[in-house]
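Enquirer: Pasting a structure here, questions to come.
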Amino acid sequence: MSDRLVTIERHIMETQRQYPEATGEFSALVYDIAFAAKVIGREVNKAGLVDVLGYTGSQNVHGEEVRKLDEFADSIMFRAMDHTGRLCVMASEEQEDIIPIPEKYGCGHYVLTYDPLDGSSNIDANVSIGTIFSIYRKVSSGERGTLEDCLQKGSAQVAAGYVVYGASTMMVFSTGNGVHGFTYDPSVGEFLLSHSHIQIPQRGRIYSTNEGNYQRWSEGTRKYIAYLKESDKASNRPYSARYIGSLVADFHRNLLYGGIFLYPGDKESPRGKLRLVYEANPLAFLVEHAGGYASDGNTRILDLKPRDIHERTPLIIGSREDVREAEEFIQEKR
Ligand code: AHG
Ligand code: MN
Ligand code: MN
């Protein structure tokens, strides 16, 4: 840890100086998200002590049981962001439609899409969970944002990041100028720079996937996972299997150590389980700015045009050489 105490604001201001056109509005927006993360993290860290575990009894747009912390995190993100005047519209995993900025507040030039709590099936087991977010510029013509603003290609993102609520709370994000990690120090109430210019190794030795889905996988996916298990010293195989079941936690480990995460399409769900707008796109933005790659097995994730806020996509993401190799198997070229 360097002796300089670099907060998120200081880091953004220092980076922003290289981009004079970046207005203070943008750095304030990232700071707003960090504030929401502190509030969510506080609740997550005491989840076992207060009545925020368990289910709300309602279901979300995906027909999934909504947990109290899902709903809490969603409301915190909304309430931390709706009055700032920096956003024109939001979209959340937990809300079926776009979230307009209330009439009583002004609109800004940015769009926020987010997964307020990722990995929520793990909450009661005290396993790491997270929050994922993407920021776009407004593209629609009217004063207030529209669905069009929330369905931009991932390549249009101006920033993306996640918070992982684990042994410590970390916020990892990029504004297009490197990927940087900030660890929360509760004694000062600030996220402090702890991982500057994160670069994912071009090839790893870890693979992350839910092998319980094996029977539903395509022949290509099965062949690829079998290939990773074969012994071959020259190509560092067999790889180690590491799967937490929280996308943010699995992604964070692979980003730091190298490796590949796969949630492929299968015979029952050809577009897989994960959502393009608020899970795949933000992580694809990050992994590419860290030197990695993300694909749906055939197409670069950031080139996919979303048609619906909640549309799903297969996600193959991580070390560039590993993802490219997985694509060859999935496309049955090997
Ligand atoms: P969420 O909690 O936001 O619905 O996301 C859960 C996702 C993701 O975090 C994880 O990678 C995946 O679900 C795990 O799915 P399986 O349990 O099917 O492996
Ligand atoms: Mn999620
Ligand atoms: Mn979620």
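Enquirer: Looking only at segment 109-121, decide whether some residue is among the polar types (S, T, N, Q) and assigned to a strand (DSSP E or B). Talk me through it step by step, then tell me what you get.
Expert: Step one: list which residues in segment 109-121 are among the polar types (S, T, N, Q), which gives 113, 120-121.
Within this subset, residues satisfying the condition of being assigned to a strand (DSSP E or B) are 113.
Yes; the residues of segment 109-121 include at least one that is among the polar types (S, T, N, Q) and assigned to a strand (DSSP E or B).
Enquirer: Confirm whether residue 78 is aromatic (Phe, Trp, Tyr), at pLDDT 95 or above, open to solvent by 20 Å² or more (accessible area, probe 1.4 Å) and within 13 Å of residue 131 (Cβ to Cβ).
Expert: In short, yes.
Enquirer: Being surrounded by fewer than 22 Cβ atoms within 10 Å (Cβ to Cβ) and outside any loop (DSSP other than H, G, I, E, B) is the filter here; which residues of segment 290-313 pass it?
Expert: 300, 302, 303, 312
Enquirer: Moving to a separate point now. Which condition from (1) within 20 Å of the chain's Cα centre (by Cα); (2) part of a loop (DSSP other than H, G, I, E, B) is the one that residue 188 breaks?
Expert: The single condition residue 188 does not satisfy is (1).
Enquirer: Out of segment 245-268, which residues are surrounded by fewer than 18 Cβ atoms within 10 Å (Cβ to Cβ) and either free of Cβ contacts under 8 Å to residues at least 24 places away in the same chain or within 16 Å of ligand 2 (Cβ to nearest atom) (or both)?
Expert: As a first pass, look at segment 245-268 and keep what is surrounded by fewer than 18 Cβ atoms within 10 Å (Cβ to Cβ): 245, 256-257, 267-268.
Matches in segment 245-268: 245 only.
Enquirer: Has segment 4-19 got any residue that is modelled with pLDDT under 90 and in contact with a Lys or Arg (Cβ under 9 Å, 6 or more places away or on another chain)?
Expert: Within segment 4-19 (the criterion being modelled with pLDDT under 90 and in contact with a Lys or Arg (Cβ under 9 Å, 6 or more places away or on another chain)), the answer is yes, since at least one residue qualifies.
Enquirer: Ok, one more. Answer yes or no: is there a residue in segment 255-262 that is closer than 21 Å to residue 159 by Cα and either within 16 Å of ligand 3 (Cβ to nearest atom) or in a loop (DSSP other than H, G, I, E, B) (or both).
Expert: Checking segment 255-262: not a single residue is closer than 21 Å to residue 159 by Cα and either within 16 Å of ligand 3 (Cβ to nearest atom) or in a loop (DSSP other than H, G, I, E, B) (or both).
Enquirer: If you don't mind, another one. Given the conditions (1) of a type in the set (Val, Ile, Thr); (2) within 16 Å of ligand 2 (Cβ to nearest atom); (3) without any contact (Cβ under 8 Å) to a residue 60 or more places away in the chain, which single one is not true for residue 146?
Expert: Result: residue 146 fails condition (2) only.
Enquirer: Mind checking which residues of segment 132-149 are in contact with a strand residue (DSSP E or B) (Cβ under 6 Å, 6 or more places away or on another chain), within 22 Å of residue 303 (Cβ to Cβ) and open to solvent by 10 Å² or more (accessible area, probe 1.4 Å)?
Expert: Within segment 132-149, 138 is the sole residue that qualifies.
Enquirer: Listed residues 199, 152; which is modelled with pLDDT of 95 or more, surrounded by fewer than 19 Cβ atoms within 10 Å (Cβ to Cβ) and closer than 23 Å to residue 296 by Cα?
Expert: Answer to the selection: 199.
Enquirer: Check residue 89 against each of (1) assigned to a helix (DSSP H, G or I); (2) more than 16 Å from ligand 1 (Cβ to nearest atom) and name the one condition it does not meet.
Expert: (1)
Enquirer: Quick check on this structure: which one of 242, 275, 216, 271 is open to solvent by 60 Å² or more (accessible area, probe 1.4 Å), within 16 Å of ligand 2 (Cβ to nearest atom) and not assigned by TED's automatic domain parsing to the domain that holds residue 129?
Expert: From the options 242, 275, 216, 271, the qualifying one is 271.
Enquirer: I want to confirm something. Restricting to segment 113-131 and keeping residues that are open to solvent by less than 10 Å² (accessible area, probe 1.4 Å) and hydrophobic (A, V, I, L, M, F, W, C), which single residue is farthest from ligand 3 (Cβ to nearest atom)?
Expert: Top of the filtered list is 129.
Enquirer: Six or more apart or on different chains, Cβ atoms under 9 Å: show the pairs whose first residue is in segment 35-59 and within 28 Å of residue 190 (Cβ to Cβ) and assigned to a helix (DSSP H, G or I) and whose second is of a type in the set (Asp, Glu) and at pLDDT 85 or above.
Expert: Cβ pairs passing all conditions: 38/190.
Enquirer: Only one residue in 106, 161, 178 is touching a residue at least 40 places away in the same chain (Cβ under 8 Å) and more than 16 Å from ligand 2 (Cβ to nearest atom), so which one is that? Please lay out each step first, then the result.
Expert: Numbers: 106 fails: touching a residue at least 40 places away in the same chain (Cβ under 8 Å); 161 fails: more than 16 Å from ligand 2 (Cβ to nearest atom).
Going through 106, 161, 178 in turn, the sole match is 178.
The values are calculated or read from the model by the stated rules, or taken from the named source; none is laboratory data. What you are looking at is a predicted structure, and each value in this text was computed from that prediction instead of being measured. Here the Cβ is made from the backbone with ideal geometry for all residues, glycine too, and neighbour counts use every protein chain on show. Accessible surface is based on the protein model in full, side chains and every heavy atom, while ligands, DNA and RNA are left aside. Shrake-Rupley method; radii C 1.70, N 1.55, O 1.52, S 1.80 Å.
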